[in-house]
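Accompanying notes for the structure given below.
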Amino acid sequence: MNHSFDINHATEYGMEGAVLISNLQFWISKNHANGKHFHAGRTWTYNSAKAFAELFPYLSDRQIRRALDRLVEQGVLIKGNFNETTYDRTLWYAFADESKFLSWSVHSPNLVNGKTKSGESLTDIKQIENTDNPPLPPSGGCESKEQKLKRKQPVSLKTFADKCKEAGEPVMSGYEPLIRYAEGVGLPMEFVQLAWDVFKAEHSPGGANERRLQADWRRHFLNYVTKGYYRLWYADALGNFTLTTQGIQAKRLHGQKEAE
């Protein structure tokens with residue numbers, strides 16, 4: 001995987017800062033294009049220092065935390081808190097001056113008379129300033145806005161999938177933390193799809209764990225992938241991933257299905 005950054009950003013904010021700016025520009029632009037994570041007049045993205053470290057193995061957790069803190073201190077980034085609960089340690093970030101770092105921001109269609117379409121004032125930064133309670137990424141519920149105001153209750157995978165279907169959204173594909181992890185470590189998405197096929201069969205009606213309940217099925221599946229729970233693949237000395245015997249058997253059993 002190739003990483004790049006703006007030389008001018010590296011000169012002004014250091015190499016670590018430039019690398020993070022480039023990554024954030026990509027994800028925030030993608031969120032903007034998809035109409036996602038728009039709060040208080042800005043488009044946001046979220047990640048943890050640990051997850052950033054997995055994306056950039058040449059930077060330590062400490063280096064990434066310091067670089068992010070410096071970018072906040074320098075007025076490049078702002079932290080946000082748009083969570084339903086307070087126990088998750090994932091952080092949200094947006095650019096303080098979108099017109100400087102994001103090409104589309106000057107003509108943002110989401111602003112009307114200084115307010116967002118949802119009526120949020122650009123000067124209402126109460127949520128942005130509150131960094132005591134780190135953010136929780138919106139995942140695993142597929143609920144309406146009214147339902148998201150309530151604490152998530154554990155449900156079966158089938159119930160979760162049914163809610164997603166009703167909401168018109170995919171169950172797992174497009175889940176950003178999963179995509180970031182796979183891209184960061186070089187794990188082929190076809191292997192992720194294979195793990196999802198196995199996971200889905202295990203937790204669906206008729207599966208060994210059909211009665212298992214989870215409040216966040218997407219994050220639960222991500223844990224299975226990052227920990228290699230099913231032992232479907234291994235990395236060789238060069239870091240290339242290959243299917244194990246279990247993986248080959250699972251591939252033959254489930255075939256290559258399209259992601260939901």
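The values are calculated or read from the model by the stated rules, or taken from the named source; none is laboratory data. Note that this is a predicted model, so its numbers are computed, not measured. Because the Cβ atoms are built from the backbone with ideal geometry, glycine has one as well, and the counts that use them run over all protein chains shown.
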Query - Flag if Leu222 is touching a residue at least 12 places away in the same chain (Cβ under 8 Å) and in contact with a strand residue (DSSP E or B) (Cβ under 7 Å, 6 or more places away or on another chain) - result: no
Query raised in the report: Only one of these conditions is not met by Lys30: (1) buried (at least 22 other Cβ atoms within 10 Å of the Cβ); (2) modelled with pLDDT of 85 or more; (3) closer than 18 Å to Tyr175 by Cβ. Which number is it?
Result: (1)
Report summary line: Of those in segment 1-57 that are among the β-branched types (Val, Ile, Thr) and not in a helix (DSSP H, G or I), the residue nearest to Leu178 (Cα to Cα) is Thr45
Report summary line: Note on segment 52-68: residues in contact with an Asp or Glu (Cβ under 8 Å, 6 or more places away or on another chain) and free of Cβ contacts under 8 Å to residues at least 24 places away in the same chain are Ala53
